[in-house]
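The structure under discussion appears below in the form of C-alpha cells.
Read-outs: derived from the displayed coordinates by stated rules, not from any lab. Predicted model, so just to flag it, every value in this text is computed and none were measured. Methodologically, a virtual Cβ is constructed for each residue, glycine included, from the backbone with ideal geometry; neighbour enumeration extends over all protein chains shown.
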Amino acid sequence: MPNPASPPTPAPTAGAVRVDAERWPDVAAPPEVSRLRTAVAERIVRHAVRPLPLRVRIAGEDEPLGLGGPLMRVHQPRAFFRRIAAGGLIGFGESYMAGEWDAPDLVGVLEVLAGNAATLVPPSLQRLRGLWAPRQPDRHRNTTDATRANISHHYDLSNELFALFLDETMTYSAGVFRALPAEPELLAAAQHRKIDRLLDLAGVGEGTQLLEIGTGWGELALRAARRGAKVVSVTLSEEQQRLARRRLREAGLADRVTVLLRDYRKVLGTYDAVVSVEMIEAVGAEFWPEYFRTLDRLLAPGGRVALQAITMPHERMLASRDTHTWIQKYIFPGGMLPSTQAMREVTEEHTALRVTACDGYGPHYAETLRLWRETFSARAAEVDALGFDETFRRMWTFYLAYSEAGFRSGYLDVRQLRLTRPGRNGETA
C-alpha cells in the first residue's frame with residue numbers, strides 16, 4: 001500500500017511542460033504511428049484498466065475508467081495513446097515526462113499497474129511480444145567498451161544532484177530500518193545497518209583483504225576500513241571516484257583504501273572477501289556468467305562473497321529480458337534485474353560458488369525510495385539551479401515513484417546473498 005504519510009505529487013496544469021526538443025527529442029512530440037495501431041493500443045489500454053482499482057479520467061469523457069482508487073488524469077489522450085502504440089511502456093513514461101498525464105498519488109497509480117503487470121497485456125499479445133515490443137539497442141550491451149558509457153550516463157550526472165536527495169552517507173541503495181515507516185533523519189543509520197550486515201555476511205574484519213565491486217561514493221569502503229580491512233574498490237564513474245577519494249582523505253583512511261577506475265573484469269589478484277552492492281543490475285543478463293566467474297576467480301580459498309541485488313520474479317524476468325524499457329532508455333542503459341533463481345542457476349552452472357544465505361527486505365527499499373523522492377521533490381528549485389530542466393525533474397520523479405511502486409507491490413525485491421565454495425570452507429548451501 002502507498003505510505004499514508006507520503007504527500008501527494010502535485011499535478012501541474014495540463015500542457016504546462018515546455019520540452020527542449022534538442023535535449024529530449026523523443027519527448028518533445030508524440031511519434032508518428034498509424035491510426036489503426038493507435039486504435040488497437042487504445043482498446044488494449046481501456047480493456048486493461050477497467051477491472052483495476054484505479055480511476056483513469058480521460059479529458060473530454062464524463063466517466064472515469066476503472067473500479068475506483070488512485071486517480072490518473074490523462075490530459076492529452078491522442079498523444080498518450082499514440083505514444084503507447086509506438087513504444088508501449090516507454091511511451092507511457094515519455095507521456096508523463098511530457099505532462100500529457102499526471103496523478104495526485106503517482107506511486108499509488110504505479111503500484112496498481114506494477115501489481116498487475118503480468119495481466120495488463122492479453123496472453124495472445126504476450127506470446128507475440130517479440131514482434132511488438134522494442135528490442136534492446138546493441139550499443140547498450142555491457143561489453144568492456146560500452147559499459148563505461150552506460151555507467152557514466154547515470155552516475156556521472158552530477159555529484160551535487162545526488163547529494164540533494166541522498167543522506168550524508170551518500171549511499172545510493174536500500175537501507176535497513178528498525179521499523180517502518182521511517183523518518184528522513186533515520187536514513188543514515190539505516191544505510192550503516194545495511195552496510196554492516198553485508199560486511200558481517202562477508203566476514204570482513206581486521207586484516208581482511210576486501211574487494212568492492214561498485215564504489216558508490218565510498219561509504220562501504222570507509223566503514224570496512226574502520227574495521228581494519230584493506231580495501232580495493234573499483235568503479236567506472238569518474239565522478240564517484242573523485243568524491244570517494246576525497247571522502248577517504250578527509251577521514252584519514254586513504255592509506256587503507258584504493259579506489260580504481262576499472263571494469264570488474266580487469267581486476268587482478270585474490271581477496272578474502274568480495275562485496276558488491278546493487279551492481280549486478282548493471283551487468284546485463286548476457287554477461288552474468290562472466291560476472292560470477294570473475295567473482296569465483298577473485299575469491300581466495302575460504303573466502304566469502306556478499307551481494308546486494310534488486311530482483312524480480314523469474315517468469316517476468318524471462319518474459320522481459322530482451323525488451324527495451326523506459327528505465328533502460330532514460331535511467332540505466334544496459335541494465336537488467338536478475339531473479340534469485342537466475343543467480344543460483346548461473347553460479348551453479350558456471351562457478352564453484354553456491355548461494356549459502358539469502359535474505360530479502362523489499363519493503364525497506366520502498367521506504368528508502370519514498371524518502372529520496374520526497375526530498376528530491378522538496379528541493380526542486382535546487383535541482384533547477386544545477387541546470388536540470390522540468391522534463392528531467394519529471395523523469396527523475398517518475399523513476400523514483402516507479403521504483404517505489406515496484407517494491408510496494410511486491411513486483412520487486414532486494415536480496416542480500418552470501419556466496420561461498422561449499423566443501424572448502426565448511427559452508428553448506
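Does anyone have the angle between helix 390-409 and the longest principal axis of the chain? Alpha-carbon axes, 0 to 90°, nearest 10? Approximately 70 degrees, to the nearest ten. Under 23 Å of direct C-alpha separation, and excluding same-chain neighbours fewer than eight residues apart, Lys266 reaches these lysines: Lys230. Count neighbours as other Cβ atoms within 10 Å of each site's Cβ, and list the trypsin sites (Lys or Arg not before Pro) in the stretch 393-425 that are DSSP loop with at most 15 such neighbours. Sites meeting the loop and neighbour criteria: Arg424.
Answer with one residue from Val346, Phe292, Gly216: the one whose Cα lies farthest towards the positive end of the charge dipole of the stretch 204-351, charges on Cβ with Lys, Arg +1 and Asp, Glu -1. Checking the options against the dipole of the stretch 204-351, the answer is Gly216.
The angle between the Cα long axis of helix 35-49 and the main principal axis of the chain comes to about 70°, on a 0 to 90 degree scale.
Here the peptides 285-293, 191-199 are ranked by packing, the mean other Cβ count within 10 Å, and the order with the highest first is 191-199, 285-293. Packing here is the average count of other Cβ atoms within 10 Å per residue, and on that basis the peptides 244-257, 86-99, highest first, run 86-99, 244-257.
Label separation (Glu63 vs Arg297): 6.3 nm, computed from points 7 Å beyond Cα along the C-beta direction. Cross-link reach is defined here as a Cα-Cα straight distance under 16 Å, omitting same-chain residues fewer than 8 places apart; for Lys194 the aspartates and glutamates meeting it are Asp167, Glu168, Glu185, Glu212, Glu219, Glu278, Asp359, Glu367, Asp413. The helix-based estimate of mean residue ellipticity at 222 nm for the chain, built from -39,500 (n - 2.57) per DSSP H run of four or more residues and divided by its residue count, is -13000 deg cm²/dmol to the nearest 500.
Peptide packing: for 41-53, 227-239, 22-34, the average count of neighbouring Cβ atoms within 10 Å per residue gives the ranking 227-239, 41-53, 22-34, highest mean first.
Modelled this way, with points 7 Å down the Cα-to-C-beta line, the labels at Asp20 and Ala189 are 4.1 nm from one another. A simple charge model with +1 on the Cβ of Lys and Arg, -1 on the Cβ of Asp and Glu and nothing else charged puts the dipole of the chain at about 780 debye relative to its Cα centre. When the Cα positions of Val232, Thr171, Trp396 are compared along the charge dipole of the chain, Val232 comes out farthest toward the positive end, with charges on each C-beta of Lys, Arg, Asp and Glu. Multiplying the residue separation of Thr375 and Val40 by 0.36 nm and removing their Cα-Cα distance gives an extension gain of 116.7 nm.
For the pair Glu286 and Ala352, a Förster radius of 25 Å applied to the C-beta separation gives a FRET efficiency near 0.70, rounded to the nearest 0.05.
Straight Cα distances below 15 angstrom link Lys329 to the aspartates and glutamates Asp26, Glu94, Asp138, Glu281, with same-chain residues fewer than 8 positions distant left out. With a Förster radius of 56 Å, plug the Cβ-Cβ distance of His47 and Ala251 into 1/(1 + (r/R0)^6) and report the FRET value to the nearest 0.05. Once the sixth-power term is evaluated, E becomes 0.45. Alpha-carbon geometry of the chain: the Rg and the Dmax are 22.0, 69 Å, given in that order.
Comparing Cα centroids, the stretch 393-413 and the stretch 273-300 end up 25 angstrom apart. Does anyone have the angle between helix 340-350 and the longest principal axis of the chain? Alpha-carbon axes, 0 to 90°, nearest 10? Here the helix axis deviates by roughly 50 degrees.
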